[in-house]
Amino acid sequence: MLASRVLNLYKLSSVSLETPIQYVNKIKKCGNIQKIRLCHLITYRCKQTLTPRQNQQVVRDEIKTLPNCNTFTYRTHTCGELRSINIGEKVTLCGWVQYLRLNKFLLLRDSYGITQCIINNDSINLNDIPLETIVKIDGKVQARPTAAINNNMTTGEIEVDIDKLEILNIAENVPFNLRDYQKPKEQLRLQHRYIDLRFPKMQQNLRQRSLMLHNMRRLLVEKHGFVEVETPTLFCQTPGGAREFVVPTHHAGLFYSLVQSPQQFKQMLMAGGCDRYFQIARCYRDESTRPDRQPEFTQLDIEQSFTNLDNILTMVEELLYETVIKELPKPPFMRMTYKDALENYGTDKPNMTYELKIKNVTNLFSESNDCVDLKAFALPYPSKLGKLTAKYKEKLSELKKKYTVRIILNENISKELSTDLSDKIQNIVGDCNSSVIAIGENEQVCLCLGEVRELLRGLLQSKGLIEVKEGIVPLWVVDFPLFVKGENGLETCHHPFTAPHPDDMHLLDSEPLKVRSLAYDIVMNGNEIGGGSVRVHNVNLQEKLLKMLNLDSNKLTHFMNALRSGCPPHAGIALGIDRLMTLTCDADSIRDVIAFPKSHDGKDPLSGAPNVISENDKKYYHINIVK
């Protein structure tokens, strides 16, 4: 209904900046307030062909198609809703006092916007009302004087003449003002998160998150017949994964573990005949906190039977293209092997919004003692950048130690290697480029230059020497190794339930480190947004893989029995909702898209958790604190 209305409006428009379908898609992906704004934008473009009365009626019709945020409340409108079409109406608004001036003007804010209210009588005194006090206002909508119209406010054409003001709850000792230019440090914001959530940007992020998850549910359930199943978070310890949180019980010596993902459950659901499963799952990992990592996080978990790698990737591409708020390129998305990603971009999650590709120059060192049994790679960059400053050289020195590689700066290549080698490297990187050379073990060299690449990107971008694409550039990374070399033997690259690539099965016993897996990651602008794999559904193969990883299959008896019972071939993926929202909302950290996040050290600034427990609780749960 809304899409067809927008399409009709577009046809009336004399300004063709976008195609009709782009208008429709924008409307579909936007939240309530954004839809209103887009409808007004399109209507504005139609003003030359519509009379004022027709224009107002079109806007009224559009607003009627939107979800009603005022049902079941005693307010009649939100603070972001009133327009010139409401002039003359009696309204009731509720919200927080944002600003007071001259005991006459009051800016009222709620989760949807701001409305200016005005007092034209002496019966109401605003002087004694603290900012952030929650009030209810009854009044009449009137037009602002022409000189007072504020085009920066969605409600800037009107104001509400206050007839009655009721204080619902007075604000006391509010620790900071809700103004972007006075925004406090993050620790204070997290400590008083209930106030920080009132910032318009936080409201927008949470509402966009809700809308995206809603659209994901609709697409999976209504279009593709998936079933949403909730799985337990209290479970047994999972061998071979990330460190898990342990939950004590009142049974001496017995513990639960909080699941790091529903991996085993969703595979057992496949064995149980639930062939199309999804869940917006809460997951837990006892790991250090980073801007893109929290000890508790949310993922969209999907599993499907009788499918393969290509089908899962196609399904996820449609899901993301149809539901992510930010515009994505039309599927299919790019694909790249793990080997190509590592050797060309120095990471398994390359940022494809800009160039700068690593060049393999190992062959130039074939007759040199500088590179015996080692690899050499060069990272070209525009020569116009000049020599790196001491600050960046210090960072390169840190990377050199981190990865145990030899790094040679452009100005030192001839001196540290030879003039002949320098000329050959210059031919490869190009006449207009300088380069950073790294020599060492293959993977370590690539990873090192991957960090150098990102470091130089910021520097080059600040000087206008590199073009960085706007928007999101998605990429699939495939053909990951099944195993990696660990301190005590083989370790899994993803998790122990990942299927080997069928073309490499003959190498499983003889050269396991050369075996590729049927795993895949979806990467956006250098961020791993999700990962999955085709699973092992054959119990004999699963037992073999666990044995190669030195994992005790007896701890997975329930899971092995499920595979043994006749489990169909299946595959799946988990998408990190927090990371995806951080990217689509242009946020600096996942903490900006989570209602109540943890701080850098994994603590909760709001409540102070984790907290000590009483002696009675220690006794009940058989806990003895060792200092």
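To the nearest 20 Debye, how big is the dipole of region 354-466 about its Cα centre, given +1 on the beta carbon of each Lys and Arg and -1 on that of each Asp and Glu?
Details: 17 positive and 15 negative charges, 111 e Å.
The calculated dipole for region 354-466 is roughly 540 debye.
Looking at region 201-289, which GluC sites (Glu not before Pro) are DSSP coil and have at most 12 other C-beta atoms within 10 Å of their C-beta? Kindly include the intermediate steps, with their values, before the conclusion.
Working: sites: Glu222, Glu228, Glu230, Glu244, Glu287; in loops: Glu230, Glu244, Glu287.
Within region 201-289, the qualifying GluC sites (Glu not before Pro) (loop, at most 12 other Cβ atoms within 10 Å) are Glu230.
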Exercise for review: Work out the charge dipole of the chain with +1 on the Cβ of Lys and Arg and -1 on the Cβ of Asp and Glu about the Cα centre, then indicate which of Phe559, Asn538, Phe105 is farthest towards its positive end.
Suggested key: Phe105
Point to revise | Cα principal axis extents for region 354-466, largest first, Å | key: 39, 30, 24
**Study point:** Stretchable slack from Ile167 to Lys90, in nm (0.36 nm times residue separation minus alpha-carbon distance)
**Key:** 25.8 nm
**Study point:** Under 22 Å from the Cα of Lys326 - lysines, other chains or at least 8 residues apart
**Key:** Lys26, Lys28, Lys29, Lys35, Lys201, Lys223, Lys349, Lys469
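Give the calculated FRET efficiency between Phe245 and Tyr620 to the nearest 0.05, with a Förster radius of 22 Å applied to their Cβ-Cβ distance. Write out the running numbers ahead of the final one.
Working: r = 19 Å, r/R0 = 0.86.
With R0 = 22 Å, the Cβ-Cβ based efficiency is 0.70.
For Cys69 and Asn103, compute 0.36 nm times the residue count separating them, minus their Cα-Cα distance, and round to one decimal in nm.
Value of the extension gain: 9.2 nm.
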Revision key, fill the gap. Long-range amide H partners of Ser517, meaning residues 5 or more apart or on another chain whose placed amide H is closer than 5 Å, are Phe480, Leu482, His501
Study note, to complete from the structure: Quick numbers on region 264-417, Rg and Dmax over C-alpha atoms in Å, give 22.3, 67
Exercise for review: Between Met334 and Val612, with labels modelled 7 Å along Cα→Cβ, what's the label distance in nm to one decimal, could you check?
Suggested key: 5.5
Study note, to complete from the structure: Spelling it out for Gly95: with amide H atoms placed in the peptide plane at 1.01 Å from N, the residues 5 or more places away or on another chain with amide H under 5 Å from its amide H are Val135
**Study point:** FRET E, pair Glu222, Asn554, Förster distance 35 Å, beta-carbon r, rounded to 0.05
**Key:** 0.25
Check your understanding: What's the extension gain from Ser565 to Lys463 if we count 0.36 nm per residue and subtract their Cα-Cα distance?
Key -> 30.5 nm
Check your understanding: Got a sec to turn the phi values of region 549-559 into Karplus ³J(HN,Hα) couplings, 6.51 cos²θ - 1.76 cosθ + 1.60 with θ = phi - 60°, whole Hz, x for Gly and Pro?
Key -> 8, 6, 9, 7, 5, 5, 6, 10, 4, 4, 6
Study note, to complete from the structure: HN-Hα couplings for region 603-614 via Karplus (6.51, -1.76, 1.60; θ = phi - 60°), in whole Hz with x for Gly/Pro, come out as 8, 9, x, 5, 9, x, 5, x, 10, 6, 10, 6
Point to revise | Ellipsoid equivalent to region 258-346 - semi-axes via the Cα gyration tensor, in Å | key: 24, 22, 15
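List the GluC sites (Glu not before Pro) within region 166-214 that fall in a DSSP loop (any state other than H, G, I, E or B) and whose Cβ has at most 13 other Cβ atoms within 10 Å.
Numbers: sites: Glu166, Glu172, Glu186; in loops: Glu172.
Loop-located and lightly packed - Glu172.
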Practice item. Past 29 Å, Cα to Cα, is the threshold; run Lys183/Lys627; Lys185/Lys357; Lys375/Lys514 against it and keep the listed order. Key: Lys183/Lys627; Lys185/Lys357
**Study point:** Among 425-435, 124-134, the order from most to least packed when residues are scored by Cβ within 10 Å on average
**Key:** 425-435, 124-134
Practice item. State to the nearest 20 debye the size of the charge dipole of region 69-174 about its Cα centre, where the only charges are +1 on K and R beta carbons and -1 on D and E beta carbons. Key: 200
Study note, to complete from the structure: Candidates for P(r) over Cα pairs in 20 Å bins from 0, in percent are (i) 19, 53, 26, 2; (ii) 15, 40, 28, 13, 4, 0; (iii) 15, 40, 34, 11, 0, and the calculated one carries label (iii)
Exercise for review: Would you kindly find the accessible area of Leu374, with a 1.4 Å probe and non-protein molecules such as ligands, DNA and RNA excluded, rounding to the nearest 10 Å²?
Suggested key: 70
Check your understanding: Under the rule of -39500 (n - 2.57) per DSSP H run of 4 or more residues, summed and divided by the residues of the chain, what mean residue ellipticity at 222 nm is obtained, to the nearest 500 deg cm²/dmol?
Key -> -9000 deg cm²/dmol
Review point. Can you give the accessible area of Tyr256, probe radius 1.4 Å, in Å² rounded to 10?
Key: 100
Exercise for review: Provide the per-residue ³J(HN,Hα) series for region 162-168, in order, calculated from phi with Karplus coefficients 6.51, -1.76, 1.60 and θ = phi - 60°, each as a whole number of Hz, with x at glycine and proline positions.
Suggested key: 6, 9, 8, 10, 10, 7, 8
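The values are calculated or read from the model by the stated rules, or taken from the named source; none is laboratory data. Here the structure is a predicted model, which is why all the values come from computation and not from measurement. Positions of Cβ are generated from backbone atoms using ideal geometry, with glycine treated the same way; all protein chains shown enter the neighbour counts. Each accessible area value is taken on the protein alone, full model and side chains, heavy atoms only, with ligands, DNA and RNA left out. Shrake-Rupley method; radii C 1.70, N 1.55, O 1.52, S 1.80 Å.
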